[in-house]
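Notes for the one structure printed next.
The values are calculated or read from the model by the stated rules, or taken from the named source; none is laboratory data. The shown structure was predicted, so the numbers you read here are calculated from the model rather than taken from an experiment. Quick reminder, even Gly has a Cβ in these numbers, built from the backbone with ideal geometry, and neighbours come from all protein chains shown. Just the protein is used for accessible areas: all its heavy atoms, side chains included, with ligands, DNA and RNA removed. Shrake-Rupley method; radii C 1.70, N 1.55, O 1.52, S 1.80 Å.
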Amino acid sequence: MAGPVRTHSGKGVTPMAAEADPAKIDTREQAACLAFAVRLVWQADRRRLTEVVIAQLASALGIMALILLVRNVLGTVLAAGSDPGAGGRQAIVSVVLVVAIGSLGGVLRLFAASRNRVLAAKADRQVISTVLASATRAELARFEDPVFHDALQRAVFASRAQPTMVVAMLVAASQAVLTAVAVGAAFAVLAWWLLPVALLSALPVLRAARAERNAGYGLHRKLAEDRRVRQYVEQLLTGRDAAKEVRALDLGRVLRARWDAEYEREIDDTVSWQRGCLRTRIAARLGADALVLAVIGSVWWLIGSGVVGLPTAVAAVTGLFLMTSRVQALGALLNGIGESLHYLMDLRTFAADTGTTTQGTTTQGTTTQGTTTQGTTTQGGTTAATHAGVGDGFTALSAESIGFTYPGSPCPALREVSLTVHRGEFIALVGENGSGKTTLAKILGGLYPPDSGRLVLDGTPAPDPARLRETCAPVFQDFLRYKFTAGDSIALGRTGLPPDTGAIAAAAERAGARDFLERLPRGYDTVLGKEFSDGCDLSLGQWQRLALARAFYRNSPFLILDEPTASLDPQAEADLGDRLRALFADRTVLLISHRFSAVRAADRIYVMAGGRVVEQGGHEELMARHGTYARLFRLQARPYHDDGSADRRLSHR
């Protein structure tokens, strides 16, 4: 469950805003959240929203007309007395009008419901798009903070129909207000003194609903992290990637038991919450109904006393029921809106905190074979498919005494690290696990801002992280396996231009992936994933070659390769290691590897330990120092040097 806000000392990494009492939202914030919801739905489909509002307005006016016609019919019938023919025609006309208005109201309700279904679907897309845009704009360091994940969880929950629900309830509340005004106008003619009674009857229901709303939202916030844990267990139980280990270790029962425990906790809290709310709701409803019954008794006494005529009394009591039900419905709707506004505040805060506005959240550009492209340009009728690359002006990138600590971690991951990479250099990072190599690479690639020190790109201090990311093409050790077509998976390396089939094939060729991709059932159009129709899977080594092809397709001047040969067989690893410099000619390559055979040809090798650079130099220079690099190199080479003696021991058995 959400704990206190965790702070992070790093520059550029801000925690989620401090959270106020969840049960209290001031009027200004409520108005802002309401405007936020209306704006989202308006952007989704303004025409249908307008049609729904007009239909509700017309329906409210119809109810007002019905009340007045009911009074007219009763008055006509009672005035006719024993001679029904005297007012018969007028009564029949009034009854026909009542039926016609009722029928028209039914048609309007059906029309509004039909329009509202489509509006809900479009609004759902608009709102979820806002959440997705906000999540993708958040800096990577935010994903290290559980407070951010709780906020994201609540924003995702709020995106699911909450804005549409608010607008639907707002429209319904508007109809209830219009109906109450219409009935009130009729009461001004019939029995104005019943208006306060109708309003008072709603107060107990409103108070009970408010208490339930605040308690329910508090429970929702309390369970945010528990729900994330449960969703993670669900992924383990249903995901294809986890399926083999879950079965191999017989984890099904253990994981299901954990899932049951997490769900049982939520159910227990929900039962406790609802038990208290039920008692309050029943008492409130009985009190409101008792007040209405007392008024009806009073009206009956007034009829007997001759103070109020029967037609007026019947119409007034009918109006009282309508008014009371509308006021109570309005109160329930306003409380429902208030409850949803709590959730919308989560969505609005998350969107604002990650720098996303509601404008422009819809997908722009075109989508070709599942790859979203933005900013498509053409020159002379031909698509401009020349990617940014070695001509982009990258000359040098320096890290000057940078330090970095992950949010929530007690120990720095990097301490006073300095290095420089120049254009065309082949640089290597080596060191034991946890020494800071991958963290340093992520900072150089613009994924994390340093806490201390600075980066300098082409002479510009503290460059924009977006500029660093544009300059860099990373291949991480834990690369993603995109379950799109093979061509799309490669084309994701650069989404600023439409996919170029020639460049895709060339990138696959350079990464050594072209042969196995062309043997797939549909070649580059084959979906990579057994979960989908006609899909195929790849081996781990083939997936890694695909990730390398994506880096080639990106064609950026600075490449970060984090264990690029970890999943390759020895022959493929040797081939790629020998070709690295030729494959990335004129580009800067930062290679992270535990395989010293791949780094010995680097122009410069940085050795890391404990988050610091402890050695740097060429292979021969570092071996001559007999330091950390030489020790690690000899440890790795020892099994190969022992091969001869091992063979001799085997021959004597």
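Computed values, structure above
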{"quantity": "Coil-residue chymotrypsin sites (Phe, Trp or Tyr not before Pro) of region 508-565, DSSP, other Cβ within 10 Å capped at 15", "calculated": "Phe532"}
{"quantity": "Under-5 Å amide H pairs with Arg604, H placed in peptide plane, nonlocal only", "calculated": "Phe426, Ala428"}
{"quantity": "Solvent-accessible area per residue, Å², over region 478-561 with all protein chains present [probe radius 1.4 Å]", "calculated": "41 Å²"}
{"quantity": "Protection proxy ranking of 228-238, 142-152 - average other beta-carbon atoms within 10 Å, highest first", "calculated": "142-152, 228-238"}
{"quantity": "Low-density loop positions, GluC sites (Glu not before Pro), region 465-547 - DSSP coil, at most 11 other Cβ in 10 Å", "calculated": "Glu531"}
{"quantity": "Sites Arg454 and Val271 - FRET efficiency at Förster radius 60 Å, r taken between beta-carbons, to 0.05", "calculated": "0.60"}
{"quantity": "Full-stretch length increase - Glu531, Thr238 - with 0.36 nm per residue and alpha-carbon distance subtracted", "calculated": "104.3 nm"}
{"quantity": "Segment Trp301-Ser418, length gained on full extension (0.36 nm per residue, minus Cα span)", "calculated": "32.8 nm"}
{"quantity": "Shape parameters for region 241-299, alpha-carbon atoms, Rg then Dmax in Å", "calculated": "24.4, 77"}
{"quantity": "Prolate/oblate/rounded label for region 431-485 (Cα gyration tensor, a/c 1.5)", "calculated": "oblate"}
{"quantity": "Virtual spin-label span in nm between Thr136 and Val38, 7 Å along Cα→Cβ", "calculated": "3.0 nm"}
{"quantity": "32 Å Cα-Cα threshold exceeded, pairs from Lys222/Lys437; Lys222/Lys483; Lys442/Lys483", "calculated": "Lys222/Lys437; Lys222/Lys483"}
{"quantity": "³J(HN,Hα) computed for each position of region 129-138 - Karplus, 6.51 cos²θ - 1.76 cosθ + 1.60, integer Hz, glycine/proline x", "calculated": "4, 4, 5, 5, 5, 5, 5, 6, 7, 5"}
{"quantity": "Burial order of peptide ranges 613-619, 434-440 (average beta-carbon count within 10 Å, highest first)", "calculated": "434-440, 613-619"}
{"quantity": "Area of Arg423 that stays accessible when all protein chains are in place (1.4 Å probe, Å², to 10)", "calculated": "120 Å²"}
{"quantity": "Spin-label pair Leu540/Val181, simplified geometry with 7 Å Cα→Cβ offset, distance in nm", "calculated": "6.9 nm"}
{"quantity": "Under 5 Å, built H, 5+ apart or other chain: amide partners of Ile560", "calculated": "Ala473, Val475, Leu590"}
